[in-house]
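Colleague: Pasting a structure below so you can have a look.
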Amino acid sequence: MDNWEEAALVANIGNQYQIPILSFATPAITPPLTTLRWPFLIRMASDGSEQMRCIAALVRCHNWRKVVVIYEDNVYGGESGNLALLSEALQEVGSEIEYRLVLPPFSLSTDPEDVVQHELIKLQKDTESRVFIVLQSSLPMLTCLFREAKNMGLVGRDTAWIVSNSVTSFLDSMDNSVISSMGGTLGIQTYYSSSSSYQRFEAQFRKIFRAEYLDEDNFLPGIQALRAYDSIGMVTQAIEKLGSDSSSPKMLLNSVLGSDFTGLTGEIHFKDAMLSQAPILIVNVVGKKYKELDFWLPNFGFSKTLHPQEGKERCSNSNVCNNTGCLAGPVIWPGDLNGRNPKGWAMPTNAKPLRIVVPKRTSFDKFVTFRTGEALPEGFCIDVFNEVVERLNYSLPHEFFEHDGLYDDMIEGVYNKTYDAAIGDITILAERTKYVEFTQPYAESGLSMIVPLENEDATWIFTKPFNLEMWIVSGAIFIYTMLIVWFLEHQSSNPEFRGPWKVQIENALWFLSSSLFFIHAEKLYSNFTRIVVVAWLCVVFVLTASYTANLTSMLTVQRLEPKFSEYKNYQINHLTVGCDNDSFVQNYLEKVLGFQTEKIKIIDHENDYPTEFESNNIAAAFLELPYEKVFLNKYCERYTSTEGTFRFGGFGFAFQKGSPIASDFSRVILRLSEKGTLTTLEERWFAPSPECSTTVPHNNVESLNLRSFKGIYIVSATISTICFLLVLIPLVRNSRNHQEANIEGNVTPSGKSGSSKGGGISKYLYNGDKTRIPRRASTFAQALDTDVWVSSRWERVSNSDNLENHQDSSQAEIEMP
């Protein structure tokens, strides 16, 4: 038996009489209790799971998204299993069955040619897919099918036919005229090698066949004949194993199932009473014969040999395949394709061009519009479309149809196949992708808020050249430098930095403040102070120059700012906003952003927006990014956009689901983007007006931040700190030495015990207004109390001054704490 329904029926009889039954058929999906239900059934075939995966791999390798499945029905509906396996395998590779053409049994048809013709006409109207997979058919029905399909042009340019193993097995016994009508078909075939035993069998078979069938030209044995021969040999070997001692049917069954030898069809080995999976071979019908292309192995995909190296397969159903296909040898497809693969789609012709719907009216005419009296549209979108069509490797006849309505209605027209494609400023949305196939976006898209510009309040503009962080750090550096200068000059006995604390701080503050304007005239006594001041003056020079330049820019250019920068302000204040006439924008404002319906006004044309703004009918407008660019290029002096943008998928062209033209367009759009062609088109169509040809002024001037001045601040602070430490360290060391000497004397000039270690320094700073004692002081106490421990290295200026001021004095004034 060569179909499963007959085999199951006879297997019931075999169970009753315990007779082993051999079948050339097996169910596509093996029931779990098959061996228990039919224990005497031996299946000389494999299930269809691997075969369906092979077909799906072919579909994936050629980027066919939709296929048509054809099979001849029988009284049992036996192809449901293979159909389910094929559907699952196609889903795994991103494809689907779009149409099922079920032919009635040939034996029950009074006029099979008329039935086939009627079904094919219906198929042409209902689907655009031209990838046909024939799962099962009798030889007479297959002959009729291909004859009618070729007459109707379905076996021709950009079509693909794939036949399963059950159909390919007829190729060796077909008439030449039938085979020629199948030219370009790919077939799935069970592989068997041309071994020496096969060659001997073939010679005998051809001799006998030619003697009995004189009119036949094809003398090669088919797979069924080879399996019949292997079956007889298998049973013969099983009986010989048993010998004459046993005649038990169960023992004979076990002996057959234990067969393990190489027959004409390959390895004969059973698992669960079913023949193990044989290698699958891909064949291509060419002329009146067929040629072998590639093997397909479950774990390796397509391979030129039966034993490929692991990891070096060209393609499998889980890999991403190249556009030239995964088969090694060149495939001869139906029609003349000049070496390219068929699209598997009803491609446009001059007699039946691509029907393209284009919006008649848009809010912004530069994207797409129909001029009065013109049959063809024009605009940026049309130019992009023409650039893509010129770069396709095939012709694309097309015609345009106007659409005066919503964009969603255009998408619906493509979905219900009223049109083949929709061209224009169509936004790619998740909801729309359920119905059509979009190309790669050729323009970015998103929702931006346009608001009027108003004059900025300039009361506190003098604070804006620097940001807050910059002001704080600058003030900190100023105070730090002031303290360092005071300390250094105080130790150098500068009279401007001595005396009461208040006077010292005032003098230090005045000195550093006057340096901001380079008008300081105070004399500096310490060289370290001079170094610190030079570093500080560098900082002052850079800061004043930067501040002046930035403030001048702010005062010179027009200072404008948006009235509101966040859309929530318009909701809180119950202000009306505007949007274009695309339905999804209004829905987005209502459902996502939360605007009330009565607070949304539809604006039909770009020139109406300024009028609506000036009339205070709208407080803001929500435009998609490409529209925003066009609008601001024209009205940049009066309006601006806010920073927040709600992103969408971009502008794209829409095609029917599964159309290969969409992927071809996407590929060309990416090339146009990479080569800069899209940018050139944008510059041509969206050139700014003369008033906006330069950069918009109110976006140029910004407050300076700390990042630009961090380096010079660090240098200045470092220099100040180093000078401070170079003075402080010797001061502390000398102070400690004198403190130790004082402790050893254990008394002070007043007769009291010595002070703490830090007392000398703090007392010196407190008594800074007293007259300094010359180094020839008569007593150690006098020297200690008048800071004689300060190194003469730092007193070159102060000592000479003290000598001049006190040369007539006989004794210094000493004040004890």
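Taken together, the values in this text are just the output of simple stated rules run on the coordinates, not laboratory data. For clarity, every value in this text was computed on a predicted model and none was experimentally measured. Using ideal geometry, Cβ is built from the backbone for each residue, glycine included, and neighbour counts are taken over all protein chains shown.
Colleague: Using R₀ = 56 Å, calculate the FRET efficiency as 1/(1 + (r/R₀)^6) where r is the Cβ-Cβ separation of K352 and S546; round to 0.05.
Modeller: Computed FRET efficiency for K352 and S546 comes out at 0.20.
Colleague: What net charge is computed for the residues neighbouring Y627, neighbours being all others with C-beta under 9 Å from the C-beta of Y627, Lys and Arg scored +1, Asp and Glu -1?
Modeller: Local charge sum for Y627: -4.
Colleague: If you average the sequence gap of Cα pairs under 8 Å that are 6 or more apart and divide by the length of the stretch 326-396, what percent do you get for the contact order?
Modeller: Across the stretch 326-396, relative contact order equals 19 percent.
Colleague: How much length, in nm to one decimal, is gained on full extension between W471 and R100, taken as 0.36 nm per residue of separation minus their Cα-Cα distance?
Modeller: 125.9 nm
Colleague: Next question. If the chain between E454 and E431 were fully stretched, how many nm would it gain, using 0.36 nm times the residue separation less the Cα-Cα distance?
Modeller: 4.4 nm
Colleague: Also: Any chance you could get the radius of gyration and Dmax over the Cα atoms of the stretch 335-422, in Å?
Modeller: Values for the stretch 335-422 (Cα only, Rg and Dmax): 14.6, 45 Å.
Colleague: Could you sort out which of K291/K434; K360/K599; K417/K568; K634/K657; K122/K366 sit more than 32 Å apart by Cα distance in this structure?
Modeller: Over 32 Å Cα-Cα: K291/K434; K417/K568; K634/K657; K122/K366.
Colleague: I want to make sure I understand the PRE zone here: with the label point 7 angstrom from the Cα of D114 toward its beta carbon, which residues in the stretch 150-166 have backbone N atoms less than 19 Å away?
Modeller: Residues passing the 19 Å test: 152.
Colleague: Let me check I've understood the local charge: for G379, count other residues with C-beta under 14 angstrom from its C-beta, Lys and Arg +1, Asp and Glu -1. What total comes out?
Modeller: -4
Colleague: In nm, what is the difference between 0.36 nm times the number of residues separating E702 and R210 and their Cα-Cα distance?
Modeller: Full extension from E702 to R210 adds 167.5 nm.
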